[in-house]
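Working notes for the structure below.
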Amino acid sequence: MKTLLCLSSICVVMAQPLTASVISGTVATAGRADEGAVTVVYAERLDEIAPVPSQTYSISQRNKVFSPRVLAVPVGSTVDFPNDDRIFHNVFSLSRPAPFDFGLYRVGESKSRTFDTPAIHRVFCNIHPQMSAIVLTLPTPYFTQADASGAYQLDVPAGRYRITAWSERSAPVTTEVTVADTALTVSALRLDESQFVQVQHLNKFGRQYVSMVYEPLRDAHVQ
């Protein structure tokens with residue numbers, strides 16, 4: 001909201017702070033077998049374009065695990081991928097529209113990627129098949145992760161929104177709401193993960209992984 005302030009012959013446009021309203025609700029998930037699974041909830045503005053500030057995030061590699069395993073970011077953000085293991089890693093993604101391949105890099109080094117398009121980017125290591133992560137690039141700055149009970153809360157300006165609950169193991173579900181200057185409780189969103197089947201991904205060449213992997217003691221050349 002802006003106010004036009006005129007002093008004598010000079011007019012100044014003064015920005016007024018937007019009042020945030022609270023959207024809260026729960027996501028009920030059927031068939032969730034993994035208690036560590038992540039549910040992301042985000043709100044997209046429907047009645048006007050919301051500015052999406054870019055930020056910098058990080059997914060570390062330690063003990064042959066990406067952490068965090070699921071990362072939601074606003075579009076235009078940069079994600080760093082530091083190698084905190086005493087072994088080589090080769091981070092890559094074949095996800096469209098912007099696949100990437102960092103090649104081999106050692107402990108203490110980091111590679112970065114800017115995600116300019118809303119998409120689900122599945123990220124792997126070409127050496128260690130057990131390593132997988134997801135970068136969920138969103139066209140909105142309003143997102144959060146539901147807690148273990150499925151509860152979530154979003155702070156947004158008043159307006160019309162599409163609320164989406166997302167899980168890597170389910171089709172997303174949405175609802176539309178109008179937010180005033182007061183708190184709003186949304187009806188429960190229901191995801192269904194009962195049909196999810198884990199499939200082993202291929203390496204960056206589209207082939208099965210070989211059995212050999214790097215080990216810290218054996219790869220003594222990595223310092």
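Since every read-out is calculated from the coordinates, none of them should be taken as a lab result. Nothing here was measured: the structure is a model prediction, and the numbers come from that model. As a convention, Cβ positions derive from the backbone with ideal geometry for all residues, glycine included, and neighbour counts pool all protein chains shown.
How do V73, V41 line up, fewest other C-beta atoms within 10 Å first?
Working: V73 20, V41 26.
Listed from fewest to most nearby Cβ atoms, that is V73, V41.
Is there a quick way to get the dipole size of the chain? I mean about its Cα centre, with the Cβ of Lys and Arg at +1 and of Asp and Glu at -1; what is the value in debye to the nearest 20?
The dipole of the chain has a size of about 520 debye.
Where the centre of each part is set by its Cα atoms, how far does the range 158-209 sit from the range 106-136, in angstrom?
Result: 20 Å between the Cα centres.
Mind checking the dipole of the range 119-183: about its Cα centre, +1 per Lys or Arg Cβ, -1 per Asp or Glu Cβ, Debye to the nearest 20? Don't skip to the answer; put the middle values down first.
Values: 4 positive and 5 negative charges, 52 e Å.
Roughly 260 debye for the range 119-183.
Per residue, how big is the convex hull of the chain when only Cα atoms are used? Give it in Å³. The partial results should precede the final answer.
Values: hull volume 34.7 nm³, N = 223.
So the per-residue hull volume is 156 Å³.
Based on the Cβ-Cβ distance of S24 and S95, what FRET efficiency does E = 1/(1 + (r/R0)^6) give at R0 = 45 Å, to the nearest 0.05?
Numbers: r = 32 Å, r/R0 = 0.70.
So the FRET efficiency works out to roughly 0.90.
FRET efficiency for D181 and T117, Cβ-Cβ distance as r, R0 = 45 Å, nearest 0.05?
Numbers: r = 33 Å, r/R0 = 0.74.
Efficiency at R0 = 45 Å is approximately 0.85.
Using a basic spin-label model with each label point 7 Å from the Cα along Cα→Cβ, how many nm lie between E109 and D84?
Using points 7 Å along Cα→Cβ, the separation is 1.9 nm.
By counting other Cβ atoms within 10 Å of each Cβ, how are R207, R190 ranked from fewest to most? Mind dumping the intermediate values first?
On the way: R207 8, R190 14.
So the ranking, lowest neighbour count to highest, is R207, R190.
Using R₀ = 45 Å, calculate the FRET efficiency as 1/(1 + (r/R₀)^6) where r is the Cβ-Cβ separation of R207 and T56; round to 0.05. Walk me through the intermediate numbers first.
Values: r = 33 Å, r/R0 = 0.74.
Efficiency for this residue pair is about 0.85.
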